[in-house]
Each structure stands twice: as structure tokens, then as C-alpha cells.
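Visitor: One structure is given below, represented as C-alpha cells, and several questions about it will come after.
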Amino acid sequence: MNKKWAVKRLTINLTSGEAQKLEKYCSNTGRPATDVIRELIRSLATKDEE
């Protein structure tokens with residue numbers, strides 16, 4: 001997959017529990033949070049894809 005520079009930067013607010021869960025997942029998988037969040041966003045179904 002070609003990596004492209006971000007065209008939009010987002011700031012998200014997480015509860016401490018959500019942040020801890022993300023950090024733990026990233027630590028366990030060795031993946032950066034940015035990659036995990038991008039993968040989750042790509043997995044979202046949209047009306048155009050249905």
C-alpha cells in the first residue's frame with residue numbers, strides 16, 4: 001500500500017480508559033496508534049460502499 005502524507009490532521013478526545021486501551025493494544029502489537037486508528041477508520045462501512 002502506498003503511504004501518502006496526511007491531508008487532514010485530527011485531534012480526538014479520549015477518556016483515560018480509552019487512551020489506556022489504545023496504548024495497551026499498541027504496546028501488545030508493536031503498532032503505532034496512528035496506524036491502528038487509520039485501520040479502524042478504513043474498516044467503517046459507508047453508504048457509498050453498500
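The values are calculated or read from the model by the stated rules, or taken from the named source; none is laboratory data. Every value quoted in this text rests on a predicted model; they were computed, and no experiment measured them. Note: accessible area is taken over every heavy atom of the protein model, side chains too, but ligands, DNA and RNA are not part of it. Shrake-Rupley method; radii C 1.70, N 1.55, O 1.52, S 1.80 Å.
Visitor: If you scan segment 16-34, which residues turn out to be open to solvent by 100 Å² or more (accessible area, probe 1.4 Å) and either hydrophobic (A, V, I, L, M, F, W, C) or at positive phi (or both)?
Guide: Correct list: empty.
Visitor: For Ile37, work out the one condition from (1) under 15 Å from the mean Cα position of the chain (by Cα); (2) open to solvent by 100 Å² or more (accessible area, probe 1.4 Å) it doesn't fulfil.
Guide: (2)
Visitor: Of the numbered conditions (1) assigned to a helix (DSSP H, G or I); (2) open to solvent by 70 Å² or more (accessible area, probe 1.4 Å); (3) at pLDDT 95 or above, Asn13 satisfies every one except a single condition; which is it?
Guide: For Asn13, the exception is condition (1).
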